[in-house]
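To start, the structure under review is shown below, and the notes come after it.
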Amino acid sequence: MFFQIKQRRWLYISLSILSLCLAVTITPARASLQVPTTSTLNVSASTSQPTNWLEQGRNLYHSGRFAEAVTIWQTAAQHYHTQGDHLNEALSLSYLSLTQQELNQWEVAQQSIEQSLKLLQTSIPSADAILWAQALNTQANLQLHTGKAETALESWQQAQKFYEQAGDKMGSLGSQINQAQALQSLGFYRRSKQQLEVLTQKLGAMPDSEIKVSGLRSLGLALEMIGDGNSQQVLEQSLAIANKIAAKPQLSSILISLGQTAVDLQDPNAAFDYFEQAQLLATNPSDQLQARLAQFKLFLDYDKPELATPLAPQLLQQLRELPPSHTSLYAAINFVATLNRQSNPDQILPMKDLAQLIAVTVKSAQQIQDAQAQAYALHQWGQLYRRTQQLSQAKELAQKSLDIARQLQANDIIAQSAWQVGQLYKQEGDRSKAITAYTEAVNALKALRGDLVAINPDVQFSFRTSVQPVYRELVDLLLENQPSQAELMQARELIEALQIAELDNFFREACLDKTQQIDRVDPTATIVYPIILPDRLTVILSKAGQPLRSYVTHKFQAEIEQTLDNFLVALNPVSDSKDRDRFSQQIYDWLIRPAEAEQAFSDTKTLVFVLDGRLRNIPIAALYDGKQYLIEKYAVALSPGLQLMATRSLHQNHLSAIVGGISQARAGFSALPAVESEMKQISKAVSSSVLLNQEFTSQALAERVKSSSASIVHLATHGQFSSRLEDTFLLTWDGQINVKELSELLKNRGNDPSKAIELLVLSACDTAAGDDRAVLGLAGLAVKSGARSTIATLWPVKDQAAAILMTRFYDQLRQPKITKAEALRQAQISLIRQTDFHDPFFWSGFVLIGNWT
């Protein structure tokens, strides 16, 4: 094995499939331009005296010199306006808008494209279809970037018609890829996937050509962006055809895309091979540099500095020799950023060389008027000064970066630079100013939720390294010493916001909007927020109508996490029960006992846990006080945060369910023989519509959900939860259904809240082995399904025990005025006290997520 595998999940922010359709040579980070020839546009020579303006602008755009391209196209538009050449004026304005979008100049970009379209509508009634197509494509690109996915979809549909009218196959295919992207943004995952599958077939039927190669690569990137496992296969098809027809200019970029896909799939050996081939086959210095930079980053991400070190001086020399452009600036920024993330970068390259490179990058960014690049470069420069403990210079540079970012309203840069300023104030001991700066950073991250596509794709932006620590470090600051009520409230809100940010990252989109304050749902519930900080475990308690409370246990994070891991191992029935009880009691002492000592849980019937980090993996119900399990004292529920959908009570006298499952071995998964009896018992307890084995297909489930008014969906089938979207699925008879498709399927009752599914039960699922964030997939499904409550298993439970527990759960659920959490509690207690399945392994893996009432 060339690399040791590390669990790492990168936040993919806009692979920018948004405008890939306009040229044969396609780059994932930028929209592409196609400048029509004069003959195509039927423009007479007399109306186009500066014949090279459009071509000049195009060349500047493709070389990343956006500010200069803007100047050229502004001049061209003014000249054509004066000459009365409305056609070329409209074309110039369309290009101008696209370039202004690259510079994050959203308002003026909007003005430019509106002027262009107005000219096409009023002054050029007979304008060529290709011109309309490009203008609409530019408009759609802007609409998606500014959060208007529905209007973007409509614009791309119009653009497609014009491309087809003009006989431009590539433009038409590109518009359809973009439509699939917009459908994703609107939550129509199955429609999006169907559209992409149709496009795959269309491209497959085309004769091999450079257009087909580009189309397949664009499609592969679109699939990669939405977490579809077919992306690698489509990119490999693109590569095979490029090799076959000797499309050498495209080989390197396809190989780089395949390498990035392999990185995402945590296959560093394959990624290395792809990047190596890309470097060897590159036909221009830029592609060669990108391949080497990707290889360099791969070595360092997988702790192979001995392989990265020989590359560093070569890359530095290449970067120094490149003329200033958008591409060269971001290459330098990412090179420095990659080294800045290392604990000892000066062992790879002298700090003075890095400082000199980033200083030149800042100057070059000013020279070509790329304010975004300047802000990013200043941020990295500040990081270098901070490393050498030159704090005043570091703070000055970070503040400059922040000031530029504020002017640009670029929340991704604000988030990073404000965080940096906050860290520096914290280092100086100025807690108040540090909290202010951190708060600005968090607010910027929140603002990015619904607008992820607007984040600059040229800058690596990882959730684990760029988002999560900002929240955690601010919580740490707020909870120092004796926090006030205001600080406790802010810390609680941050814990929740972090939960939502993690789910957004999991789904690669903003996933939760309609919410309700959790502690207002049930006055008999207490909400428990344990948060693991580097040197302590803090627990915040929230109960309706009472001040927040907090308790602190001073233990280092590593010790806490080791105890949690030991408890999980000890839950196995073959382990020593004394070890299990010891570890369980230790965790009980941290989370529960201090509150019980102060009688904080008096009048509490349900404990609702908003769990953090490794705590998510453990069965809270099985915590032991030395005499009883926690579930014997309180009902227990989990929540992804205060953000809950409003609930309506289940009508116990009129319960109805859709019950689906697979009892036979299928698709490599083992048989679940007790599933049939489980389904029969449930059908006796509640009115049920049953789908068993061959009947349990994704289509049949979709139709049953849509046509039925059942408030419960119970699925007794294999499934897996993972921190990776691609690895979170349920098994149906006709294959695996991923979490996004399942969520859309379960919401297939229109927007009427009264028809929403009240309870989703998954009684035979598992969490991915070796994935310490796997429960994130369970929380993601619980939230995304639209079901108000979800019951699922943290590990595969003996199917006979599952059948007994679920039957007793439904028997309890029929009792008047009982909550879902209490019904599950009574079912678990019955296993403890009345069956041979009294060991926590058999009953504590069942968890209730979401609304417990």
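Remarks
- Ranking Thr388, Thr697 by solvent-accessible area of protein heavy atoms (1.4 Å probe, all protein chains present), from largest to smallest, gives Thr388, Thr697.
- Taking all protein chains together, His326, His79 sort by accessible area into His79, His326, largest first [probe 1.4 Å].
- Estimated inter-spin distance, Ser484 and Gln389, nm [label 7 Å along Cα→Cβ]: 3.4 nm
- Which of Phe162, Phe556 is most accessible, then next, and so on - probe 1.4 Å: Phe556, Phe162
- Taking every protein chain into account, the 1.4 Å probe leaves Asp128 with about 40 Å² of accessible area, to the nearest ten.
- All aspartates and glutamates inside 16 Å of Lys244 as judged from Cα atoms, apart from same-chain residues fewer than 8 positions distant: Asp208, Glu210, Glu236
- Across the chain, C-alpha contacts under 8 Å between residues 6 or more apart give a mean separation that, scaled by the residue count, equals a relative contact order of 8 percent.
- Rounded, prolate or oblate (a/c below 1.5 giving rounded, otherwise prolate when a/b exceeds b/c) for segment 274-363 by Cα gyration tensor: oblate
- Proximity of backbone amide H atoms, modeled 1.01 Å from N, is registered between Asp267 and no other residue at under 5 Å, excluding neighbours fewer than 5 places apart on the same chain.
- Amide H to amide H, with H built 1.01 Å from N, Val659 comes under 5 Å of Ser689, Val690, Leu691, His714, counting only residues 5 or more places away or on other chains.
- Accessible surface, per residue, of the chain when the full set of protein chains is kept, probe 1.4 Å, Å²: 39 Å²
- Ordering 591-599, 845-853 by mean Cβ neighbour count within 10 Å, with the highest value first, yields 845-853, 591-599.
- Estimated at the nearest 10 Å², the accessible area of Arg582 is 130 Å² with a 1.4 Å probe.
- Part-to-part distance (alpha-carbon centres) for segment 64-135 and segment 146-178, which is given in Å: 18 Å
- Helix runs (DSSP H) in the chain reaching 30 Å along axis by Cα, Kyte-Doolittle at least -0.5: 485-507
- For the set Lys578/Lys798; Lys555/Lys633; Lys740/Lys784; Lys605/Lys817; Lys740/Lys820, the pairs lying more than 18 angstrom apart at their alpha carbons are Lys578/Lys798; Lys555/Lys633; Lys740/Lys820.
- For Asp734, the residues whose modelled amide H falls within less than 5 Å of its own, excluding neighbours fewer than 5 places apart on the same chain, are Ser698.
- With the highest mean first, a sort of the peptides 169-176, 837-844, 815-822 on other beta-carbon atoms found within 10 angstrom per residue produces 169-176, 837-844, 815-822.
- Hz values of 3J(HN,Hα) by residue in segment 522-536 - Karplus curve (6.51, -1.76, 1.60), Gly and Pro given as x: 8, x, 9, 10, 10, 9, 10, 10, x, 10, 8, 10, x, 10, 6
- Alpha-carbon centroids, segment 567-609 and segment 350-418: separation in whole Å: 48 Å
- Heavy atoms of Val198 accessible to a 1.4 Å probe, total area in Å² rounded to 10: 70 Å²
- With the simple spin-label model, which puts each label point 7 Å out from Cα in the Cβ direction, the Ser707 to Ala558 separation comes to 6.1 nm.
- Across segment 687-696, computed HN-Hα scalar couplings (Karplus, 6.51 cos²θ - 1.76 cosθ + 1.60, θ = phi - 60°) run 4, 10, 10, 9, 10, 10, 6, 4, 6, 8 Hz from first to last residue, x flagging Gly and Pro.
- The average projected area of the chain, computed from the convex hull of its Cα atoms over all directions, is 36.4 nm².
The values are calculated or read from the model by the stated rules, or taken from the named source; none is laboratory data. Worth saying up front: this structure is predicted, and the values here are computed from it rather than measured. Note: ideal-geometry Cβ built from the backbone for every residue, glycine included; neighbour counts use all protein chains shown. Just the protein is used for accessible areas: all its heavy atoms, side chains included, with ligands, DNA and RNA removed. Shrake-Rupley method; radii C 1.70, N 1.55, O 1.52, S 1.80 Å.
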